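J.: There's a structure below that I have some questions on.
The values are calculated or read from the model by the stated rules, or taken from the named source; none is laboratory data. Note that the structure is predicted; figures quoted are calculated from it, not measured. Note that each Cβ is placed from the backbone with ideal geometry, even for glycine, and that neighbours are counted across all protein chains shown. Heads up: the accessible areas ignore ligands, DNA and RNA and are worked out on the full protein's heavy atoms, side chains in. Shrake-Rupley method; radii C 1.70, N 1.55, O 1.52, S 1.80 Å.
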Amino acid sequence: MIRVLIVLTLALGPLQWITLADVGLTLKPVHIPFFALAIIGWLHAGSRRVERAEIRSVAPFAMFYSCYIALMLLSAFYNGTGFIYVMKLLVYFLASAGFFFALLRIGRQQALSAVMTGGLLSAVLFFAVASITLQLRGINIFAVVGSAVQSGNPSFLQFMIFRNVFNAPGVSSEDAVGVALRHTSLGFIFIGGVVALAASRGSRLAAAGAMFSILIILVSVSRSLILAYAIALIPAGLALLRGHPRGFAALTLGAGLILITLFIVLQPDLGGIGTILSERFGSFDEDGRVGMYGYALNEINNRAFLGYGPGYEFEHGSAKTHQAHNIFLGAWMQGGYLCLLTAIGFMASLMFMYFRSMLLTFGSVQNVLLLGLLVLPLFRSQLSGGGGNFTLAEWICIAVAVAIAVPSAHRPKHLQDRVSGTGRQPPLGALHDVTSPHLR
């Protein structure tokens, strides 16, 4: 049951434009299996089927985030607003903890397999639904991509695809689903791509699925997600170069030959790609977020100690309201100095887990790749909306990475990966390939 719910959570995650009900928290298809998993996980934790040693690995992060929630709640009482916003943060935090407990319960191999399957299905399902939806509206997704490449206009990819998928024809701009939701949708595809790469050795299906997921991210021209992928893959490339230099050279050569062959056979008109790259990655100083940070700092200067209350929005641009697209500015503006300190605390503890685990497990390329999941919440929270708080996909990244990849001094017996026939334990944090006979 747990594995099925994990697969459903990841597979349904990209369908963010579908709303089942609005009860303060907008319920979407992904929430049904996600909350069911959270309940199961908490039941296991309550019946002491989760070892305390596993909980200790996330204790600093959980402590700081709990203080963050408490201070946000105090700010809501003081300012008389933002209670629903705080409740949403609390629900996601507690549900993600339950998701983490559920992952621990089924063991690393089964958890990794379920996450990979669900993540790859998320890419397939998103592409299928988007293609059919656009086709019904007279838009061919391949024609849109071709037009963007030829013209060098990234707006075709940024807005035309997602805006038409997310909204019904003729919907007014006031009622339109925000295109920024594409980051939450694509976050689930990011998970699938990273985990599939970690399991791709000896599995052509996983390798193909990983490439398909990465291709969707590239077509979305989301700078933050593309950079998150790059940051996640660089340590894995270094680990591969260190342990398997010939394999790294063969992989690089093979990828280059494939790209050259595709270019010769298809002879695509790539004149617009340089323009797209230049526009998306050559003008960070012109990004609207830079101006937004300035407005946020001005607001903070007027009420730096107490803050304005959770969910506070300020005027920016042409009479539009936005929240600070940064978790630290958002915490400072909404809850004041103390809330900022707790935000620094839980982000620092997450970063400490990432780098410490990277050093301990650098000999395992698979583990290094899985730790790359933490890059998304660490990186995206500095650029995202909603005050910079984690999206559901980013919470799942934290739960999966910590449950599967972060080494713990004491793994419960049912989670230990024993080396067949020896009775010895593998090195801390070392994750064997999914296809390894030791995990079969």
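J.: Listed residues 25, 90; which is within 22 Å of residue 185 (Cα to Cα), surrounded by fewer than 19 Cβ atoms within 10 Å (Cβ to Cβ) and modelled with pLDDT of 90 or more? Reasoning before the result, please.
T.: Values: 25 fails: modelled with pLDDT of 90 or more.
Only one candidate qualifies: 90.
J.: From the list 45, 53, 38, 59, which one is crowded, with 17+ Cβ neighbours inside 10 Å and either over 24 Å from residue 88 (Cβ atoms) or at pLDDT below 90 (or both)?
T.: Among 45, 53, 38, 59, only 45 is crowded, with 17+ Cβ neighbours inside 10 Å and either over 24 Å from residue 88 (Cβ atoms) or at pLDDT below 90 (or both).
J.: Moving on. Where in region 276-384 are there helices (runs of 4 or more DSSP H), lying fully within it, with 1 or more residues that are under 24 Å from the mean Cα position of the chain (by Cα) and modelled with pLDDT of 85 or more?
T.: Hits in region 276-384: 327-360, 365-371, 375-380.
J.: When region 329-375 is examined, which residues are found to be open to solvent by 30 Å² or more (accessible area, probe 1.4 Å), in contact (Cβ under 8 Å) with a residue 40 or more places away in the chain and under 17 Å from residue 73 (Cα atoms)?
T.: 338
J.: How many residues are of a type in the set (S, T, N, Q), in contact (Cβ under 8 Å) with a residue 12 or more places away in the chain and open to solvent by 10 Å² or more (accessible area, probe 1.4 Å) if we restrict to region 98-148?
T.: 5
J.: Residues that are under 24 Å from the mean Cα position of the chain (by Cα) and either modelled with pLDDT of 70 or more or among the β-branched types (Val, Ile, Thr) (or both): list the helices (runs of 4 or more DSSP H) wholly contained in region 101-174 that include at least 3 such residues.
T.: Values: elements: 108-136, 141-151, 161-166.
Output list reads 108-136, 161-166.
J.: Is it the case that some residue within region 404-427 is modelled with pLDDT of 50 or more and surrounded by fewer than 17 Cβ atoms within 10 Å (Cβ to Cβ)?
T.: no
J.: How about region 203-249: which of its residues are within 23 Å of residue 181 (Cα to Cα) and either modelled with pLDDT under 75 or of a type in the set (Phe, Trp, Tyr) (or both)?
T.: Within region 203-249, 212, 221, 229 meet the criteria.
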